[in-house]
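This report refers to the structure that appears directly beneath it.
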There are 2 protein chains.
Amino acid sequence: MESAKQLLNYISKHVNLTEKEELVLLSKVNHRKYLKGQYLVQQGDVCKYTSFVISGCTKMFYMDNEGQEHIAMFSIKDWWSSDLGSFITQTPADYNIQCIENTEVFQFPHHTQEELFKEIPKLERFFRIILEKALVASQKRIIRNFSLTAKERYLNFKNLYPTIEQRVPQYMIASYLGITKEFLSKIKSKLILEQ
Amino acid sequence: MESAKQLLNYISKHVNLTEKEELVLLSKVNHRKYLKGQYLVQQGDVCKYTSFVISGCTKMFYMDNEGQEHIAMFSIKDWWSSDLGSFITQTPADYNIQCIENTEVFQFPHHTQEELFKEIPKLERFFRIILEKALVASQKRIIRNFSLTAKERYLNFKNLYPTIEQRVPQYMIASYLGITKEFLSKIKSKLILEQ
DNA sequence: ATAAAAAGTTAAACTAGATTAACATCATTT
DNA sequence: AAATGATGTTAATCTAGTTTAACTTTTTAT
């Protein structure tokens, strides 16, 4: 599928745009390709775009004072990728977003957002719905992190995002789960013995 | 301040409603008072309202299979309180929301939400903004839980919500922080020695 | 005012997960 | 094909936080 179609198809699952509106929308977003290793956002920069992923994979991570990477999320096809806090307030980002594969995105620029919502009020609704879903997912993750053990979180992750484990190195999955790569390795070898 | 004024004042910080719109809004929300101990939502019920807290305090918590309470958030004056996942999808709630003080709220019913957005499109924007803020806060909390020790999380909590510690029992704060009350007690006694 | 219940503290023994370090495997470049 | 760097594994030791249990303090109800 052509990438613009993919974006419009995703949006059409939540709101119905006219053809005219679709054209306006496409005129206001940027289509862009990144190579593996490139950054969409760097910690300290202002996040100017919210990116919709067409293909590829990104990781959003926080680098703490000890230089340790903490992965907050992965984004693949039909997901969003941005440091929302920075995007909303246009202040320096807490997170980095880096491509872990060659990645194709559509970017919604902050400076055209108001215009966009004025011209297509339905998009206000669209983003409300997207945000609701993201918030629900985020709150569920907080609870999981508290009430599940590392092993349970790993199994839950595999269940929730079955395609990601195959394409992302284990040490990044460990970081996402909040454990060390050594401990994830231990969990996996125990799981194999158990079967 | 009269409670309706308090709600309108809060909304006016994000969008400007006309007097007419304010009246429509008030005609579509329920004003309600709960006693300490009462539930706004019980795990398994469908969450029919999003509640805006005028006064008092609620806790939202998840009860796990071992019967342990995990507090996801506290809500006080000018905050929201609901199981969003359940509210949005109108499916059984994962969480309980219980008043830990006598609590006064305005409730936005799910079944009038569509009507409300149709009559006052600005509210669509209002809820988008609220959701953005909530999502940012939620994502920051995930990272804090991974990258900070229990002691650091406690200090951060005191800093972020200075009024809550005084009115909420320690064991609930421990639950919010994801630690036992015994360990929080230890952290506090160490902090006193350190000064 | 007193009893009962709820909340908070302390300390000893324990465990999930971290750290360190040495080694093994896989992928990429030359 | 060899060499280099990135990724993954195993095992020993260590630590942040849990569990259990006995005790103290505060709050609530009678």
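The values are calculated or read from the model by the stated rules, or taken from the named source; none is laboratory data. Nothing here was measured: the structure is a model prediction, and the numbers come from that model. Here the Cβ is made from the backbone with ideal geometry for all residues, glycine too, and neighbour counts use every protein chain on show. Accessible surface is based on the protein model in full, side chains and every heavy atom, while ligands, DNA and RNA are left aside. Shrake-Rupley method; radii C 1.70, N 1.55, O 1.52, S 1.80 Å.
Numbers below:
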{"item": "Residue list for region B:88-140, restricted to those being of a type in the set (Val, Ile, Thr) and touching a residue at least 12 places away in the same chain (Cβ under 8 Å)", "result": "B:91, B:97, B:100, B:103, B:105, B:112, B:120, B:129, B:130"}
{"item": "Yes/no for residue A:118 being within 14 Å of chain B (Cβ to nearest Cβ) and either surrounded by fewer than 18 Cβ atoms within 10 Å (Cβ to Cβ) or not in a helix (DSSP H, G or I) (or both)", "result": "yes"}
{"item": "Candidates A:124, A:115, A:132, filtered to the one that is farther than 30 Å from residue B:92 by Cβ and away from DNA strand C (no atom under 16 Å from the Cβ)", "result": "A:115"}
{"item": "Condition check for residue B:161: among the aromatic types (Phe, Trp, Tyr) and away from DNA strand C (no atom under 14 Å from the Cβ)", "result": "yes"}
{"item": "Residue satisfying all of: in region A:140-158; near DNA strand C (Cβ under 9 Å from one of its atoms) and either in contact with a Lys or Arg (Cβ under 6 Å, 6 or more places away or on another chain) or among the basic types (Lys, Arg) (or both); most open to solvent (accessible area, probe 1.4 Å) among these", "result": "A:151"}
{"item": "Selection count where residues are in contact (Cβ under 8 Å) with a residue 12 or more places away in the chain, within 20 Å of residue B:101 (Cβ to Cβ) and within 11 Å of DNA strand D (Cβ to nearest atom), scope region B:171-189", "result": "1"}
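So that you can scan it fast, the table gives a plain yes or no per residue for (1) more than 17 Å from the chain's Cα centre (by Cα); (2) at the interface with another protein chain (Cβ under 7 Å from one of its Cβ atoms):
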| position | (1), (2) |
| --- | --- |
| A:105 | no, no |
| A:108 | no, no |
| A:111 | yes, no |
| A:114 | yes, no |
| A:122 | yes, no |
| A:130 | no, no |
| A:133 | no, no |
| A:138 | no, yes |
| A:142 | no, yes |
